[in-house]
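Written out below as structure tokens is the structure these notes cover.
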Amino acid sequence: MTESLSRAQARRIALAAQGFLDPAHATPTMRTFNRTLQRTGVLQVDSVNVLQRAHFMPLYSRMGPYDVDLLRRAASGRQQRRLVEYWAHVQAFMPVELWPAMQHRMDTYRAQRGKWLELGTDESMQWILDAVRDRGASTARDLDSGAPRETRHWGWNWSEARKGLDWFFMIGELAIAGRNSQFEVVYDLPERVLPDRVLAMPTPTPSEAHKELVRRAAASHGVATARCLADYYRLRQVSAPDKASTWDAVQELVEDGELIPVEVEGWSKQAFLHRDARRPRKGRARSLLSPFDPVVWERQRTERLFEFHYRIEIYVPAPQRRYGYYVLPFLLGDRVVARVDLKADRAGGVLQVKGAYAEETAPEETPVELAAELTRLAGWLGLDSVTVEPRGDLASALVTLV
């Protein structure tokens, strides 16, 4: 008989798997960081910096105020490096030991060519690899001839050097050594970025890699459908050469006893519970979630778990936005109870609340708890105060509390 879980049980299992119920440390250390990374698995990277870079926020949401140098240390050096960027979810930090598991994805990109088709052959771009090999870690700007680039539609077109560097990165011929102060990618040869122990690891078959990624997704989700498991490492969007499927990997993990088929209240699809998933009776989280947080990546899953409809409106024209430009869900206990549109005014030292909105099920303590979290976030960001604009049904209460 298949076990059944209530929506609330599934929600708490998912939050525990993501590290929201781990005991807090007064001062997060590298040990805290490693534990948190083990829960999330990956940290999405995004250039939007209206509040804080995307990869820093999930760590804050779980650990509280921490020294961002922990992430820099984990993603730098060579032999001691813990993290490296790759297309693991989208562009994301991932544990270095996942590099071999991404080889099948690199091979697929090489075979498909895709948007890099106009670049020509690898041989015609060999000068890019030669330049990086000779110069050392390099940005696209370092390799550019200095000729101006045209603008079309919005943003800057990539230079030929940037396209070539990105191509070699996607197929594994280059790795990302880091980013400079302008957030530009710094590329280098994998053997100058990754630890020797990683370079010496055997390359798994596509099926083995697929299974390992599904296994990790299941541990990070706690409970999930096959669709959720595929989305975590974007297995739905990148086909392995042998057509290894998420469903095949799920079935193998069920047979191995690592996944347990379950039914979840309100879910129409079969769900799978990780055998090591914690089953807490209560949720005690209080966190603001980045739009790029793994808890809200997959919007359908977010709705099933939290009964919370969420869409990012960065690319929506301002007059058509419902809630705002950079809106963060507010997690309290085990529910998403509100959402706030935030902006860090670094020059003025102010955390600006552009709008604040309660969910229908928000408890009466929501304004007090949200105000406390906004004050804590402002302190972590090095901002002196919080201001609240009169937008949303929580705004008037927040004004008196921050």
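The values are calculated or read from the model by the stated rules, or taken from the named source; none is laboratory data. Computed from a predicted structure; not experimentally measured. Neighbour counts run over all protein chains shown; Cβ positions are idealised from the backbone, glycine included. With ligands, DNA and RNA removed, areas are computed over all heavy atoms of the protein, side chains included. Shrake-Rupley method; radii C 1.70, N 1.55, O 1.52, S 1.80 Å.
Just a few scattered comments:
- Nearest-0.05 FRET efficiency for ALA347 and TRP127, computed from C-beta distance (R0 41 Å): 0.45
- For region 1-141, the spread of Cα positions along each principal axis, largest first, Å: 56, 44, 32
- Using just its DSSP H runs of length 4 or more, each adding -39500 (n - 2.57), the chain gives a mean residue ellipticity at 222 nm of -9500 deg cm²/dmol after division by all residues.
- Antiparallel content of DSSP bridges confined to the chain, in %, to 5: 85
- Spin-label pair ASP107-SER268: with each label point 7 Å from Cα along the Cα-Cβ axis, the two points sit 3.7 nm from one another.
- Each principal axis of the Cα atoms in region 44-104 has its own extent, and those three values, largest first, are 35, 24, 18 angstrom.
- For the residues TRP127, TRP267, TRP87, a 1.4 Å probe over the protein chains yields an accessible-area ranking, largest first, of TRP127, TRP87, TRP267.
- Averaging 1/r over each pair of different alpha-carbon atoms in region 263-303 and inverting the result gives 12.8 Å, the Kirkwood hydrodynamic radius.
- Each label point was placed 7 Å from the Cα along the Cα-to-Cβ direction; for ARG321 and ARG7 their separation is 2.9 nm.
- As a length-normalised measure over Cα pairs under 8 Å and 6 or more apart, the relative contact order of the chain settles at 17 percent.
- Largest first, the residues SER6, SER396 sort by 1.4 Å accessible area into SER396, SER6.
- Neighbour-limited loop hits for chymotrypsin sites (Phe, Trp or Tyr not before Pro), region 312-386 (at most 14 other Cβ within 10 Å; DSSP other than H, G, I, E, B): TYR315
- Per the Debye calculation on the chain with a single equal scatterer at every Cα and no solvent contribution, log₁₀ I(q)/I(0) for q = 0.10, 0.12, 0.15 Å⁻¹ amounts to -0.73, -1.05, -1.48.
- C-alpha center-to-center spacing [region 269-301, region 1-68] in angstrom: 9
- Reference-scaled alpha-carbon Rg (2.2 N^0.38 Å with N residues) for region 271-396: 1.11
- Coil-residue chymotrypsin sites (Phe, Trp or Tyr not before Pro) of region 180-235, DSSP, other Cβ within 10 Å capped at 15: PHE183
- Largest to smallest accessible area among ASP134, ASP107, ASP166 [probe 1.4 Å]: ASP134, ASP107, ASP166
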